[in-house]
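These notes concern the structure reproduced below.
The values are calculated or read from the model by the stated rules, or taken from the named source; none is laboratory data. These numbers were taken from a predicted model, which means no experiment stands behind them. Reconstructed Cβ throughout: ideal geometry from the backbone, glycine too, with neighbour counts over all protein chains shown.
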Amino acid sequence: MGGGKEARRGDVLLSGEGLVRRYDDATVVDVDSIEVRTGEVLAVLGPNGAGKSTLLRLLAALEAPEDGRLLYRGRAVGRDDPELRRTVAAVLQRPYLWRGTVAGNVEFALKARRLSASERRERVRQALQMVDIVDLADVPVDTLSGGEAQRVALARALAVEPEILFLDEPTADLDVSVRRRLLGDLERIVRHAAPAIVLVTHDPGEAFALADRVVVMEGGRIVQAGTPAEIFESPATEFVASFTGAEFMLNGTVSKVDEGTMTVRLESGASLEAAGSAEPGARVRVGYRPEDVVVSLPQSSSTSARNRFDTTVAHLHPRGGLVRLRLEADSLSLEAVITRHAMEELGLQVGTSVVAQVKATALHVFPA
Amino acid sequence: MDVLVDAARQALALLLSGDPYLWGIIARSLQVSGSAVALGLLVGIPIGTWLGLTRFPGRGIAVALVNTGLALPPVVVGLFVYLLLSRQGPFGELGWLYTTSAMIAAQVVLAAPYVAAITLAAVQAVPPELRLQARALGAGRWQALLLHLREARLSLMAAVAAGFGAVISEVGAVMMVGGNVHGETRVITTAIVLETRRGQFATAMALGLILLAIAFAANAFITRVQQAAPRRRRPLTS
């Protein structure tokens with residue numbers, strides 16, 4: 001790396017190489033390579049227990065790995081590296097506030113950095129303004145609501161104007177409406193908060209909404225890294241697909257492969273065409289997203305699509321503005337999601353005959 | 001029963017009259033035990049913090065030793081300090097025996113375990129993530145540690161009160177190393193022993209009342225600290 005401090009967009013700020021962390025005998029994190037670049041929001045996505053928070057603590061140099069190393073601007077760094085400590089800030093999963101007022105909490109890290117009183121006042125005001133809690137400045141923290149406490153935790157980190165900001169599940173633990181509001185604010189804040197942001201979340205929606213790049217973790221390892229679109233459209237493994245909302249059909253066998261498409265014969269007898277290729281005869285699992293299933297009435301559906309099934313509505317599960325349908329055919333059953341409005345337009349009820357279609361590119365085929 | 005009531009009545013009169021002998025003893029008691037607790041804090045807080053926040057082989061034994069320290073018999077402490085300070089002892093040169101310095105030294109040994117034990121519990125009661133969060137915002141190790149202690153400050157004040165309560169009411173150690181010299185090393189407890197033996201029940205009772213009041217104040221403070229619950233201005237979810 002050059003000696004200049006001004007980082008350009010896309011420069012690697014922080015990277016982990018071969019990071020391994022064990023607790024007792026269990027390997028919690030085992031990550032070959034991860035990079036945090038200037039100008040990006042990187043989401044670390046995975047289920048509970050995937051090692052996300054531990055990876056965050058390793059990257060923020062709050063914990064030391066058993067193996068591997070952390071590089072900041074190309075230089076190996078540890079927990080007590082003064083430059084790294086000054087330039088990163090992390091918000092842990094729960095807002096661990098210390099006794100005192102909201103402003104006192106936000107000011108703490110600024111005092112630790114020996115900023116002047118007037119500069120501290122100004123930064124505290126700005127940070128509280130960013131998270132919209134200026135009026136709570138002098139309130140004791142033990143009287144705050146959960147959402148307010150989470151905002152204080154965020155303001156505390158914003159005030160130090162970090163180069164890399166780590167957020168560990170910033171909206172977990174909050175009830176739905178508070179969560180939605182904070183998420184909305186995060187979308188607004190995140191772009192201006194820091195040159196680089198690492199966001200740990202178990203919620204694919206949150207990751208896809210906020211991140212430029214996503215790494216998906218399973219069992220301590222990174223199983224896929226890419227843009228939200230890449231992860232969503234071409235999940236690398238069955239786990240990634242199902243974690244990001246895919247449903248799976250019965251197992252099948254690849255019966256024919258032909259220029260980027262293959263034919264899969266399911267155990268139930270149904271035949272599907274999917275994009276991609278595999279060895280003929282290979283045992284596979286076929287996944288799809290319920291929202292990729294196009295539902296229409298028999299008389300108005302086109303007949304040219306490849307994966308076209310005559311089905312009957314077996315169940316209707318309204319979920320707010322959306323309705324989840326279970327569609328049964330002789331040899332197949334499918335989940336579909338349509339809007340409540342579309343359901344009413346089509347006059348769907350249990351027993352209605354409908355045509356379900358799925359594009360070949362919307363089917364994701366994984367080894368069984 | 002009359003003896004008791006009479007003594008109590010005379011004791012109150014003595015206290016209210018501002019008897020110089022009586023108040024001199026009370027002042028010396030406060031000075032000796034106050035100094036001992038202050039020094040006990042300097043020793044006990046680092047030990048308690050260290051034992052509370054670190055893990056090392058033999059830590060269990062160290063914690064057990066600190067807890068044993070809570071039950072140290074004052075006369076035994078008095079004996080050891082006496083031997084250390086006696087003319088033939090290693091610190092005989094200091095000439096501290098039968099001075100308030102010796103009494104303070106003995107009471108530091110008695111107070112430090114109280115401070116260490118309560119500090120240990122207090123720092124362990126603060127979530128360790130708090131220190132991690134401080135580090136995560138750029139605080140150095142010491143800054144994070146100070147923050148941790150600040151979070152435990154109410155309990156640490158209880159440590160002060162408990163240590164003070166323990167030493168101001170002990171008689172064995174101060175008697176042995178101080179010698180109960182009139183006007184020099186006589187404190188509340190040793191004076192009570194002497195005045196009772198001399199049949200001066202009113203004086204003994206007056207000092208006893210003061211001692212009770214001090215013990216009550218210390219424990220009332222500890223209770224208040226332990227019962228202090230966070231106030232809630234609003235429900236937790238808005």
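Can you say whether A:E107 is assigned by TED's automatic domain parsing to the domain that holds A:L199, over 23 Å from A:A207 (Cβ atoms), among the charged types (D, E, K, R) and in contact with a helix residue (DSSP H, G or I) (Cβ under 8 Å, 6 or more places away or on another chain), as far as the supplied structure shows? Here the answer is yes, as A:E107 does meet what is asked.
Applying the criterion of being assigned to a helix (DSSP H, G or I) and among the charged types (D, E, K, R) to the residues of region B:6-61, the residue that is nearest to B:V174 (Cα to Cα) is B:R28.
Just one of (1) crowded, with 20+ Cβ neighbours inside 10 Å; (2) in a loop (DSSP other than H, G, I, E, B); (3) aliphatic (A, V, I, L, M) fails for A:A172. It is (1).
Rundown of residues vs (1) in contact (Cβ under 8 Å) with a residue 40 or more places away in the chain; (2) touching a helix residue (DSSP H, G or I) at 6+ places or on another chain (Cβ under 6 Å), yes/no style:
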{"position": "A:G78", "(1), (2)": "no, no"}
{"position": "A:A90", "(1), (2)": "yes, yes"}
{"position": "A:G100", "(1), (2)": "yes, no"}
{"position": "A:K111", "(1), (2)": "no, no"}
{"position": "A:L115", "(1), (2)": "no, no"}
{"position": "A:V124", "(1), (2)": "no, yes"}
{"position": "A:M130", "(1), (2)": "yes, yes"}
{"position": "A:L165", "(1), (2)": "yes, yes"}
{"position": "A:R181", "(1), (2)": "no, no"}
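Of all residues being under 20 Å from B:E129 (Cβ atoms) and of a type in the set (D, E, K, R) in region A:60-86, which is surrounded by the fewest Cβ atoms within 10 Å (Cβ to Cβ)? Just the residue, please. So, considering only residues that are under 20 Å from B:E129 (Cβ atoms) and of a type in the set (D, E, K, R), the one surrounded by the fewest Cβ atoms within 10 Å (Cβ to Cβ) is A:D80.
Here A:A127 does not qualify as closer than 20 Å to A:H192 by Cα, of a type in the set (G, A, S) and within 11 Å of chain B (Cβ to nearest Cβ). A Cβ distance below 9 Å, combined with a sequence gap of six or more or placement on separate chains, defines the contacts here; from region A:336-350, residues that are free of Cβ contacts under 8 Å to residues at least 12 places away in the same chain and outside the structural domain of A:L322 (by TED's automatic domain parsing) reach no residue that is part of a strand (DSSP E or B) and surrounded by 11 or more Cβ atoms within 10 Å (Cβ to Cβ).
The set of residues from region A:290-309 being over 26 Å from the mean Cα position of the chain (by Cα), of a type outside the set (S, T, Y) and surrounded by 14 or more Cβ atoms within 10 Å (Cβ to Cβ) comprises A:V295, A:L297, A:A305, A:R306, A:N307, A:R308, A:F309.
Among the residues of region B:45-91, those that are under 23 Å from the mean Cα position of the chain (by Cα) and of a type in the set (V, I, T) comprise B:I45, B:I47, B:T49, B:V63, B:V66, B:T68, B:V75, B:V76, B:V77, B:V81.
Considering the conditions (1) over 24 Å from A:Q224 (Cβ atoms); (2) in the same structural domain as A:I222 (by TED's automatic domain parsing); (3) among the polar types (S, T, N, Q), A:S300 is excluded by exactly one of them, (2). Of the numbered criteria (1) surrounded by 14 or more Cβ atoms within 10 Å (Cβ to Cβ); (2) closer than 16 Å to A:L272 by Cα, the one A:L325 fails is (2). Among the residues making up region A:1-47, a single one is out of contact with any Pro (no Cβ under 9 Å at 6 or more places or on another chain), at pLDDT below 90 and either surrounded by 20 or more Cβ atoms within 10 Å (Cβ to Cβ) or of a type in the set (A, V, I, L, M, F, W, C) (or both): A:M1. When the criteria are applied in full, A:F166 meets the requirement of being in a strand (DSSP E or B), on the phi < 0 side of the Ramachandran plot, surrounded by 15 or more Cβ atoms within 10 Å (Cβ to Cβ) and facing chain B (nearest Cβ under 8 Å). Beta carbons closer than 9 Å, at least 6 apart along the sequence or on distinct chains, pair a first residue in region B:168-180 that is over 14 Å from B:L79 (Cβ atoms) with a second that is among the small types (G, A, S) and surrounded by fewer than 23 Cβ atoms within 10 Å (Cβ to Cβ) for B:I168/B:G34; B:I168/B:A215; B:I168/B:A218; B:S169/B:A215. Please work out which one of (1) more than 29 Å from A:D175 (Cα to Cα); (2) more than 14 Å from chain B (Cβ to nearest Cβ) is the condition A:G49 fails and give its number. So A:G49 meets the others, but not (1). Applying the condition of being among the polar types (S, T, N, Q) and closer than 25 Å to A:V214 by Cα to region A:236-276 and asking which residue is farthest from the chain's Cα centre (by Cα) yields A:T237.
Residue-by-condition table, conditions (1) under 26 Å from B:V126 (Cα atoms); (2) in contact (Cβ under 8 Å) with a residue 60 or more places away in the chain; (3) crowded, with 21+ Cβ neighbours inside 10 Å; (4) touching a Pro at 6+ places or on another chain (Cβ under 8 Å):
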site	(1), (2), (3), (4)
B:L65	yes, no, no, no
B:V81	no, yes, yes, no
B:S86	no, no, no, no
B:L94	no, no, no, no
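Considering (1) farther than 20 Å from A:P140 by Cα; (2) touching a Leu at 6+ places or on another chain (Cβ under 8 Å); (3) among the small types (G, A, S); (4) not in a strand (DSSP E or B), say which one A:A103 fails and leave the rest. Only one criterion is unmet by A:A103, namely (1). Among the criteria (1) touching a residue at least 40 places away in the same chain (Cβ under 8 Å); (2) more than 30 Å from A:E66 (Cα to Cα); (3) within 14 Å of chain B (Cβ to nearest Cβ), the one A:D185 does not fulfil is (3).
Please work out if B:F164 is closer than 30 Å to B:R87 by Cα and among the aromatic types (F, W, Y). Working first, answer last.
Details: closer than 30 Å to B:R87 by Cα: yes; among the aromatic types (F, W, Y): yes.
Judged against the criteria, B:F164 is a match.
The criterion of at least 1 residues that are within 14 Å of another protein chain (Cβ to nearest Cβ) and surrounded by fewer than 22 Cβ atoms within 10 Å (Cβ to Cβ) is met, among helices (runs of 4 or more DSSP H) falling completely within region B:124-238, by B:128-136, B:141-151, B:153-168, B:201-227.
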